[in-house]
């Protein structure tokens, strides 16, 4: 029996990399996309291969429809199947109060987080849907607790984009449930990754982690565990869920 195939956008750093490695360990072959940090991407791919996975690595911007069509074509050529799509690629747009956020930042956040998710999901449905000759599958969207908390004073623009992902997850899950596709979201709270530093808040985890009811930020591996559950047959009756993984926040 051939190994199942998981595609992870933004799959070479942070939550994406942790998900990729865990998926490799649990029997998936992988297609990973990344935008930058090529050396890090190669290192993640090699680690997944060491865990037993065949890995296809593609540099692409998820909001570029033509580029992502090419990536999915490459997926078809390399693996000939797609069982799970993890829409993980995203950006916060940096820390700022709304009075000071440039519209170009709003555009980037919505383009990457919302349009990028829609582009990849559309391609996945065309391959997975039993109504189109597919064998079904699972889609996991990486949303955020920000969609409910709002992230005032930090990145309301990011929270708004994740609110869109939550709505998209719910509606799409109902739309494709009869076509063998489950659609769920994982909504992480504060996660100890390099994201905070790259977006201009390097002390954020140290400063705010102790305020989380559980007393600390999550690790990327803890989020990956939930993603792998939603992708697995153990979640065969779970669709339209938005699972908070926020340590009580």
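Observations
- Residue within segment 8-15 that is over 21 Å from residue 113 (Cα atoms) and either touching a strand residue (DSSP E or B) at 6+ places or on another chain (Cβ under 7 Å) or without any contact (Cβ under 8 Å) to a residue 40 or more places away in the chain (or both) present: no
- For segment 216-240, a residue qualifies if it is surrounded by fewer than 18 Cβ atoms within 10 Å (Cβ to Cβ) and either touching a strand residue (DSSP E or B) at 6+ places or on another chain (Cβ under 8 Å) or part of a loop (DSSP other than H, G, I, E, B) (or both), and the qualifying residues are 216, 219, 222, 232, 236, 237, 238, 240.
- Taking the criterion of being in contact with a helix residue (DSSP H, G or I) (Cβ under 8 Å, 6 or more places away or on another chain), surrounded by fewer than 22 Cβ atoms within 10 Å (Cβ to Cβ) and not in a helix (DSSP H, G or I), the residues of segment 128-150 that qualify are 129, 134, 135, 136, 150.
- Positions within segment 133-147 being in contact (Cβ under 8 Å) with a residue 40 or more places away in the chain and over 18 Å from the mean Cα position of the chain (by Cα), in sequence order: 134, 135, 136
- Flag for residue 55 being more than 29 Å from residue 156 (Cα to Cα), touching a residue at least 60 places away in the same chain (Cβ under 8 Å) and surrounded by 15 or more Cβ atoms within 10 Å (Cβ to Cβ): no
- Residue 213 satisfies every condition listed in (1) modelled with pLDDT of 95 or more; (2) assigned to a loop (DSSP other than H, G, I, E, B); (3) over 20 Å from residue 170 (Cβ atoms) except (1).
- Residue 125 meets the conditions (1) touching a helix residue (DSSP H, G or I) at 6+ places or on another chain (Cβ under 7 Å); (2) within 25 Å of residue 204 (Cα to Cα) in every case but one. The failed one is (2).
- Residue under evaluation residue 82, criteria (1) touching a helix residue (DSSP H, G or I) at 6+ places or on another chain (Cβ under 9 Å); (2) farther than 18 Å from residue 67 by Cβ, criterion not met: (2)
Residues are listed down the side, and each one gets a yes or a no for (1) more than 21 Å from residue 234 (Cβ to Cβ); (2) surrounded by fewer than 20 Cβ atoms within 10 Å (Cβ to Cβ):
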{"residue": "93", "(1), (2)": "yes, no"}
{"residue": "108", "(1), (2)": "yes, yes"}
{"residue": "112", "(1), (2)": "yes, no"}
{"residue": "120", "(1), (2)": "yes, no"}
{"residue": "174", "(1), (2)": "yes, yes"}
{"residue": "183", "(1), (2)": "no, no"}
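- Residue 198 meets each of the listed conditions (1) at pLDDT 95 or above; (2) under 26 Å from residue 110 (Cα atoms) apart from (1).
The values are calculated or read from the model by the stated rules, or taken from the named source; none is laboratory data. Values in this document were obtained by computation on a predicted structure and should not be read as measured data. Cβ atoms come from the backbone with ideal geometry, glycine included; neighbour counts cover every protein chain shown.
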